[in-house]
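Novice: The following block contains the structure, expressed as structure tokens.
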Amino acid sequence: MDGKIEFDSKEVRSAPLEQIPVLLHDSREEILFAVLDNPRFEEGHLCLLLGRKDLSSGLLEAIAGHKDWMSSYRVRRGLAFHPHVPQSLGLRLVRELYVADLAQLTFTPSGGPALRHLAEELVLAKLPQLPPAQKIALARRGSMRIMGALLLDGGSEIVPAVLDSPLLNEGHVLKALSRIMLSARVVAAIAEHGRWSNVRSVRLALLRNSQAPLARVLSFLPSISTTDLRVLAETSSVPSNLRPHIRREIANRMQHGKLPTKRNSLT
């Protein structure tokens, strides 16, 4: 024997306060159920218990059955984030989470797909009502769908944070640029961004966008391949004031045999 004292369920229900933190680490589920019935068991103990990832769904449901505990946001959050929370309970609890926790849940591997999807949908639904400070915070830790929605939001304080986010991907930038109602401010921010303005597909999308600053997209032309320029010259979505410049660039290359320089090569 290793000298460890083992309690039975009856003893656990009346164990002194100082013994409860030790009991929270017991491997026997009947002991954990019993400690829930101890009148000295407090919310702080419960939050520590919820930190254990091996709790059964049955024990989590028992915790959720205590109305006093469920009045605590910390407890509801701990249950919602637990990997073994029953889906029906988790879906109910997710609806009660703050926006910052919803965003975190979208990245939590332990959360089931249904919970993560609901958390993401709830964040997207709340976006229009959020103050700029919260949107900027989401830009730093939101999911890719949330990043895309924030980009479409177009707020002058939000767009730079979104474009700088390592979570934003090329697909969302291209999707934003394809939107007819995208504001000129967002288009200009993408065109001037050091990272996105050097992505080939983004440059081509900007050349097709009527909101893009003409002076900026003209600076892209020397780096665009002749093949792409010929396609753009025949593309109806390319702004009419840009098309002559494209044709002139093609003509100059044909006349002088110039190709895009290696220095201007794109990703």
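Nothing in this text is a laboratory measurement; each read-out follows from the coordinates by a stated rule. Note that the coordinates shown come from a computational prediction; the quantities given were computed from them, not determined experimentally. Virtual Cβ from ideal backbone geometry, glycine too; neighbours counted across all protein chains shown.
Novice: Kirkwood Rh and Cα-based Rg: tell me the resulting Rg over Rh for region 62-114, rounded to two decimals.
Specialist: Details: Rg = 10.4 Å, Rh = 11.1 Å.
Rounded to two decimals, Rg/Rh equals 0.93.
Novice: Please identify which residues in region 181-221 have an amide N closer than 19 Å to a label point set 7 Å out from the Cα of Ser240, following the Cα→Cβ vector.
Specialist: Within reach of a label on Ser240, which here means backbone N under 19 Å from a point 7 Å along Cα→Cβ, region 181-221 contributes 207-215.
Novice: Within the set of other residues whose C-beta is less than 15 Å from the C-beta of Ala114, count the net charge using Lys and Arg as +1 and Asp and Glu as -1.
Specialist: Cβ neighbours under 15 Å give a net charge of +1.
Novice: For the modelled label position 7 Å from the Cα of Arg195 along Cα-to-Cβ, which residues of region 132-146 have backbone nitrogen atoms closer than 12 Å?
Specialist: Answer for region 132-146: 140-141.
Novice: Helix 144-153 versus the longest principal axis of the chain: what is the Cα-based angle in degrees, 0 to 90, to the nearest 10?
Specialist: Tilt relative to the chain: about 60 degrees.
Novice: Kindly express, to the nearest 10 degrees and within the range 0 to 90, the angle between helix 132-141's C-alpha long axis and the longest C-alpha principal axis of the chain.
Specialist: Tilt relative to the chain: about 80 degrees.
Novice: I want to verify the translational diffusion coefficient of region 25-123 in µm²/s; compute it with Stokes-Einstein, Rh as the Kirkwood radius over Cα pairs, at 4 °C and 1.567 mPa s. Write out the running numbers ahead of the final one.
Specialist: Values: Rh = 13.7 Å.
Diffusion coefficient, whole number: 95 µm²/s.
Novice: Positive end of the charge dipole of the chain (Lys, Arg +1 and Asp, Glu -1 on Cβ, about the Cα centre): tell me which of Ser236, Ala188, Ile136 has its Cα farthest that way.
Specialist: Ser236
Novice: Same structure, new question: Find which of Leu91, His256, Phe81 sits farthest along the positive direction of the dipole of the chain, computed with +1 on the beta-carbon of Lys and Arg, -1 on that of Asp and Glu, about the Cα centre.
Specialist: His256
Novice: Compute, for region 1-125, the length of the dipole vector about the Cα centre, with Cβ point charges of +1 (Lys, Arg) and -1 (Asp, Glu) only. Units Debye, rounded to 20.
Specialist: Its charge dipole is roughly 360 debye.
Novice: Based on Cβ point charges of +1 for Lys and Arg and -1 for Asp and Glu, what charge dipole magnitude is obtained for the chain about its Cα centre, in debye rounded to the nearest 20?
Specialist: Values: 35 positive and 26 negative charges, 465 e Å.
Result for the chain is approximately 2240 debye, rounded to the nearest 20.
Novice: What is the magnitude of the charge dipole of region 75-219 about its Cα centre, with +1 placed on the Cβ of each Lys and Arg, -1 on the Cβ of each Asp and Glu, and no other charges, expressed in debye to the nearest 20?
Specialist: Around 160 debye, computed over region 75-219.
Novice: With unit charges on the beta carbon (Lys/Arg positive, Asp/Glu negative), name the residue among Leu24, Gly171, Ser14 whose Cα is farthest towards the positive pole of the charge dipole of the chain.
Specialist: Gly171
Novice: Averaged over every viewing direction, what's the projected area of the C-alpha convex hull for region 128-267? Give it in nm², one decimal, please.
Specialist: The directionally averaged projection comes out at 8.4 nm².
Novice: Per residue, what volume in Å³ does the convex hull of the Cα atoms of the chain enclose?
Specialist: Per residue, the Cα convex hull of the chain comes to 174 Å³.
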